[in-house]
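Q: Before we start, here is the structure in question, set down as structure tokens.
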């Protein structure tokens, strides 16, 4: 099997780092306030009600951890498993992307629940609706959406370029393992099918 080109190695490192960063941004953005409103009825204490992204759309937080963990797993995985990880990253990021874009109703429901639970809330459902409509929406939601879009791109790149990227095992395996690998000069025709598939999965060319 030929050594990966320097451009492939560079892309490999960039994709892994960007995937980790994208997952981190998704996590951070989901933990921030996505909507806020002030509950201030006459004669009552003012209560600032804040709703975070993880409260309004828990799926974004859950999928962000999948994107980050998957990006780390790309380093250790190889062969078909690395491509499978790429598919998982892309699907998780796509789920968070859709959830973030379509989050309006979920955010309104979360604000309504938070307003109803406020100790300063004394009005009826009509006042709750008015407060929901008056809520200020932050840009953190869209930061999560953009990071999710980047995560989708990362997953797709992993699937497309996985066979051309180096495996961690080849570089970081113990010296004894490398010696044993070099000493194994069994011709391809003398190996059984299981050994051949294992070699392919590890990135070796069993025909040489």
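The values are calculated or read from the model by the stated rules, or taken from the named source; none is laboratory data. It should be emphasised that the depicted structure is a prediction, and the values quoted were computed from it without experimental measurement. A quick note on method: Cβ atoms are made from the backbone with ideal geometry, for glycine too, and the neighbour counts reach across all protein chains shown.
Q: What is the number of the single condition among (1) in contact with a strand residue (DSSP E or B) (Cβ under 9 Å, 6 or more places away or on another chain); (2) at pLDDT below 90; (3) within 30 Å of residue 10 (Cα to Cα) that residue 144 does not meet?
A: Residue 144 satisfies every listed condition except (2).
Q: When residue 40 is evaluated against the numbered criteria (1) exposed (fewer than 15 other Cβ atoms within 10 Å of the Cβ); (2) out of contact with any strand residue (DSSP E or B) (no Cβ under 9 Å at 6 or more places or on another chain), which criterion, by number, is the only one it fails?
A: Of (1) exposed (fewer than 15 other Cβ atoms within 10 Å of the Cβ); (2) out of contact with any strand residue (DSSP E or B) (no Cβ under 9 Å at 6 or more places or on another chain), only one is false for residue 40: (2).
Q: Scan the range 81-94 and report the pairs whose first residue is more than 15 Å from residue 20 (Cβ to Cβ) and whose second residue is outside any helix (DSSP H, G or I), with Cβ atoms within less than 6 Å and a gap of 6+ or a chain change.
A: Listed pairs, sorted by first residue: none to list.
Residues are listed down the side, and each one gets a yes or a no for (1) surrounded by 16 or more Cβ atoms within 10 Å (Cβ to Cβ); (2) under 12 Å from the mean Cα position of the chain (by Cα):
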site: 23; (1), (2): yes, yes
site: 46; (1), (2): no, no
site: 63; (1), (2): yes, yes
site: 68; (1), (2): yes, yes
site: 80; (1), (2): no, no
site: 83; (1), (2): yes, no
site: 89; (1), (2): yes, yes
site: 97; (1), (2): yes, yes
site: 122; (1), (2): no, no
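Q: Another question about this same structure. Quick check on the range 130-140: of everything there that is touching a helix residue (DSSP H, G or I) at 6+ places or on another chain (Cβ under 8 Å) and over 30 Å from residue 22 (Cβ atoms), which residue is surrounded by the most Cβ atoms within 10 Å (Cβ to Cβ)?
A: 131
Q: When you scan the range 1-101 for helices (runs of 4 or more DSSP H) that lie fully inside it, which ones turn up with 1 or more residues that are in the same structural domain as residue 122 (by TED's automatic domain parsing), under 20 Å from residue 158 (Cβ atoms) and at pLDDT 90 or above? Don't jump to the end; show me each part of the working.
A: Details: elements: 6-31, 53-56, 58-76, 79-101.
Answer list for the range 1-101: 6-31, 58-76, 79-101.
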